[in-house]
Amino acid sequence: MGSGLSRLLAPWQAYPTRFWLLFAGVFFSVSSSSFIWPFTTIFIAEQTQSSLALTTLMFSVEACASLLSVGRTSKMMDLYGRKVMMITGLVLQAGNLLLMTQPTSISSWLVLMAAMGVSPLFSIGGNAMVADLLPNHQRAQAYALLRMVINLVVVTGPLLGGWIIAEHSFQTAFWTAASLLLFLAGLAHCFLQETRPKLEKDTPQSNQSVWKNRHFITILLFYTFSVMGFIEMFILMPIYLKQNFQILENQSSLLFSVNALIVVLFQYSATRWASRFSPFLMMAVGALIYALALGSIPFLETFVCFVGAMMVLTLGEMVINPTVTSYVSNLAPDHMRARYMGMLEMVYRVAMGTS
């Protein structure tokens, strides 16, 4: 019994306390955001009486703002430290959520969504901190753990947020999320330690080096196209099922819960298996699995088959995502780690803005 318990706890004992503090921070950060992000489109439409097309345009604005800002904010993270920028991002997010309870015009929402695109600094800093804290061979599994907690929140957060909205109001949900983010900012200030590597005076600081690394840009382009396919599945599937098979939102949403639950249960084991092979091979395998899942959709007709397609897609996600994140963290120079992780974070913004 004792040896079995030791084997079970071994992965959790392999990481330092500072990693688990960061892990808890990611959990609370994503939890706070997940209270309201699935319902933001509905709230904007109700507040402004706008069409769905105009409402969804807000997310393209958020993506564009993120694209324009990520280079500068991630460079500041490398120069001045991860912790101060991560806390700034939390405070900015909280203030933005509080302001979102007030506006009723599209122009106001354009400004707020642009500000929201600038604020996801906690995730960029968190990924950089993992690479600061852990040696290369531990990073892939550490990123897998972070993905597990994020997907656990995706399952539970919207349920709690929906209950708050149904029992109270949208405003209460926004206030709750903002309060939690401010509370997390306070905890981060007290307990999170700076991890930015100390740099020598002659260390180069040119931001152009990111773009001159052709190997990194190639990986980035490959990953962008992969994520675009993944995002398409999430954006178009509910509409496709409703229009062609009369499968309503309360059923199609189960597909996303299946995706998140599989990641929570199997991501760590999948990453341990994938780490035995070449990162390029695993990226190719993940992309092939994505293509298989997406290509099967036009030939499926029952809800059970669509669940199967989502399960296949999730296998590709579990193989490719931690592999790419770990590979980029190993590729990045110590003094530019946040910039590389920021560019990787930008991939999801591009995919969301173009899908």
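The values are calculated or read from the model by the stated rules, or taken from the named source; none is laboratory data. All figures in this text were calculated on a predicted structure; none of them were measured in a lab. A quick note on method: Cβ atoms are made from the backbone with ideal geometry, for glycine too, and the neighbour counts reach across all protein chains shown. Ligands, DNA and RNA are stripped out before the accessible areas are found, and what is left, the full protein with its side chains, is counted by its heavy atoms. Shrake-Rupley method; radii C 1.70, N 1.55, O 1.52, S 1.80 Å.
Picking from residues in the stretch 26-40 that are small (G, A, S) and in contact with a Gly (Cβ under 7 Å, 6 or more places away or on another chain), the one that is surrounded by the most Cβ atoms within 10 Å (Cβ to Cβ) is S31.
Contact map, the stretch 287-307: residues that are without any contact (Cβ under 8 Å) to a residue 24 or more places away in the chain paired with residues that are hydrophobic (A, V, I, L, M, F, W, C) and open to solvent by less than 30 Å² (accessible area, probe 1.4 Å), Cβ distance under 8 Å, separation 6+ or inter-chain. Pairs shown: S296/A309; L300/F306; L300/A309. For the stretch 41-64, give me the residue count where each residue is without any contact (Cβ under 8 Å) to a residue 60 or more places away in the chain and open to solvent by less than 20 Å² (accessible area, probe 1.4 Å). Result for the stretch 41-64: 2.
The set of residues in the stretch 119-137 being farther than 20 Å from M336 by Cβ and open to solvent by 30 Å² or more (accessible area, probe 1.4 Å) consists of H137 alone.
Within the bounds of the stretch 10-18, is there any residue that is modelled with pLDDT of 75 or more, open to solvent by 20 Å² or more (accessible area, probe 1.4 Å) and within 30 Å of S105 (Cβ to Cβ)? Checking the stretch 10-18: not a single residue is modelled with pLDDT of 75 or more, open to solvent by 20 Å² or more (accessible area, probe 1.4 Å) and within 30 Å of S105 (Cβ to Cβ). Pairs linking a residue in the stretch 222-246 that is within 17 Å of M346 (Cα to Cα) to a residue that is polar (S, T, N, Q), with Cβ atoms under 8 Å and 6 or more positions apart or on different chains, are M228/T354; M228/S355; I231/S355; E232/S355.
Please go through the stretch 73-110 and give me each residue that is basic (K, R) and open to solvent by 40 Å² or more (accessible area, probe 1.4 Å), ordered by number.
Pass one, the stretch 73-110, residues basic (K, R): 75, 82-83.
Of everything in the stretch 73-110, those that are basic (K, R) and open to solvent by 40 Å² or more (accessible area, probe 1.4 Å) turn out to be K75, K83.
State yes or no: is T176 more than 30 Å from M343 (Cβ to Cβ), in a helix (DSSP H, G or I), β-branched (V, I, T) and modelled with pLDDT under 80? Here the answer is no, as T176 does not meet what is asked.
Only residues that are in a helix (DSSP H, G or I), open to solvent by 40 Å² or more (accessible area, probe 1.4 Å) and farther than 17 Å from M318 by Cα were counted across the stretch 147-171, and they come to 7. With respect to L181, determine if the residue is open to solvent by less than 80 Å² (accessible area, probe 1.4 Å) and modelled with pLDDT of 85 or more. The answer is yes for L181.
Yes or no: the stretch 208-219 includes at least one residue that is in a loop (DSSP other than H, G, I, E, B) and at pLDDT below 80. Within the stretch 208-219 (the criterion being in a loop (DSSP other than H, G, I, E, B) and at pLDDT below 80), the answer is yes, since at least one residue qualifies.
Which ranges mark the helices (runs of 4 or more DSSP H) fully within the stretch 15-95 that have 1 or more residues being among the acidic types (D, E) and closer than 26 Å to F183 by Cα?
On the way: elements: 17-34, 40-48, 52-80.
The qualifying helices (runs of 4 or more DSSP H) are 52-80.
Exactly one residue out of A140, A114, A144 is open to solvent by less than 10 Å² (accessible area, probe 1.4 Å), of a type outside the set (S, T, N, Q) and either under 27 Å from P16 (Cβ atoms) or part of a helix (DSSP H, G or I) (or both): that is A144.
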